Amino acid sequence: MDISTTNSNDLGNAPEKREMAAFMVELHHEPETCIASGYGDTESNAINLMKMGDSAKELGAELVGGWSFPIGHRQWYVIKATDAHVVAELVRITNLHLWNTITVNPVMDHDMFSEKILGKLIKQEVSA
């Protein structure tokens, strides 16, 4: 099979067959590019940000939660999706990239981290 012309469905990795992974999406912008400063299409950018959960659903993803630190011009969102390409598409359709620097990292919750990583390092059972 020529892998250069193979898509994920051919490899048995169709989105409906894959588990959702969690991705931490960090937004960072400067005061000059903050939508609160009037940079860009502030109304459209604010609406896109507020509707990010709906936009994620349209892509088959899930917005788990979001946090912001306005004075530091930073926001964080956890998105569950089949892969990072879905997250990138979410960033694109919401135009977050037009006024932010975007960092996307795969993450796991603490319970999974404890089970998969820490539990293997400990000889005795420890309650979380």
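A residue that is surrounded by fewer than 15 Cβ atoms within 10 Å (Cβ to Cβ) and more than 19 Å from residue 36 (Cα to Cα) occurs somewhere in segment 65-78. Taking residues in segment 88-103 that are at positive phi, and partners anywhere that are assigned to a helix (DSSP H, G or I) and surrounded by 16 or more Cβ atoms within 10 Å (Cβ to Cβ), the pairs with Cβ atoms closer than 9 Å and at least 6 places apart or on different chains are 95/45; 95/48. Remark: residue 45 matches the filter, which requires a residue to be out of contact with any Ser or Thr (no Cβ under 6 Å at 6 or more places or on another chain) and part of a helix (DSSP H, G or I).
When the strands (runs of 3 or more DSSP E) confined to segment 49-128 are screened for residues that are in contact with a His (Cβ under 9 Å, 6 or more places away or on another chain), those reaching at least 3 such residues are found at 101-107.
Would you call residue 94 under 15 Å from residue 27 (Cβ atoms), at pLDDT 95 or above and surrounded by fewer than 15 Cβ atoms within 10 Å (Cβ to Cβ)?
When the stated conditions are applied, residue 94 does not pass them.
Looking at 48, 105, just one residue is farther than 16 Å from residue 20 by Cβ and among the polar types (S, T, N, Q), and that residue is 48. For segment 44-67, which residues satisfy the criterion of being under 14 Å from the mean Cα position of the chain (by Cα) and small (Gly, Ala, Ser)? 53, 55, 56, 60, 61, 65, 66 - these are the residues of segment 44-67 that are under 14 Å from the mean Cα position of the chain (by Cα) and small (Gly, Ala, Ser). In segment 23-43, the residues that are without any contact (Cβ under 8 Å) to a residue 12 or more places away in the chain reach residues that are not in a loop (DSSP other than H, G, I, E, B) and not acidic (Asp, Glu) with C-beta atoms within less than 6 angstrom, at least six apart or across chains, in these pairs: 42/35.
The values are calculated or read from the model by the stated rules, or taken from the named source; none is laboratory data. Model, not experiment: these values are computed from the prediction. Because the Cβ atoms are built from the backbone with ideal geometry, glycine has one as well, and the counts that use them run over all protein chains shown.
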